[in-house]
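Novice: Below you will find the structure I want to go over with you.
The values are calculated or read from the model by the stated rules, or taken from the named source; none is laboratory data. Predicted, not measured: the structure shown is a model, and the values here were computed from it. Positions of Cβ are backbone-derived with ideal geometry, glycine not excepted, and every protein chain shown enters the neighbour counts.
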Amino acid sequence: MKKSGFMLVLFLLLGLLAAAIVTQLLASVPWLGFLTKSAQISWEPKADLNVIKYDLYILVKLNVISILGIAAAIWIYRRM
């Protein structure tokens, strides 16, 4: 299988999605709270150029499980 930037992004998104599901499942376990506590990073670029106007809001919630999901996705991608 050919490695490409698209495949890496796809693997990263799937790793983050799997990590989000695991985070939701572990949120009810009180002694695993340190794994599910998130730090939020947001970015809000917007512009009004009289011809076109855009407003974009990007929010990323990172926690230990999502970092492990990213690491697992990169590891799987490199093993291909």
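Novice: Sort out which residues of segment 39-73 are farther than 17 Å from ALA19 by Cα and polar (S, T, N, Q), and write them in order of number.
Specialist: SER42, ASN50
Novice: When you scan segment 25-68, how many residues do you find that are within 23 Å of PHE11 (Cα to Cα), in contact with a helix residue (DSSP H, G or I) (Cβ under 9 Å, 6 or more places away or on another chain) and small (Gly, Ala, Ser)?
Specialist: Residues that pass the stated criteria total 2.
Novice: Still on this structure, please answer the following. Does TRP31 satisfy the condition of being among the aromatic types (Phe, Trp, Tyr) and at pLDDT below 90?
Specialist: Answer is yes for this residue.
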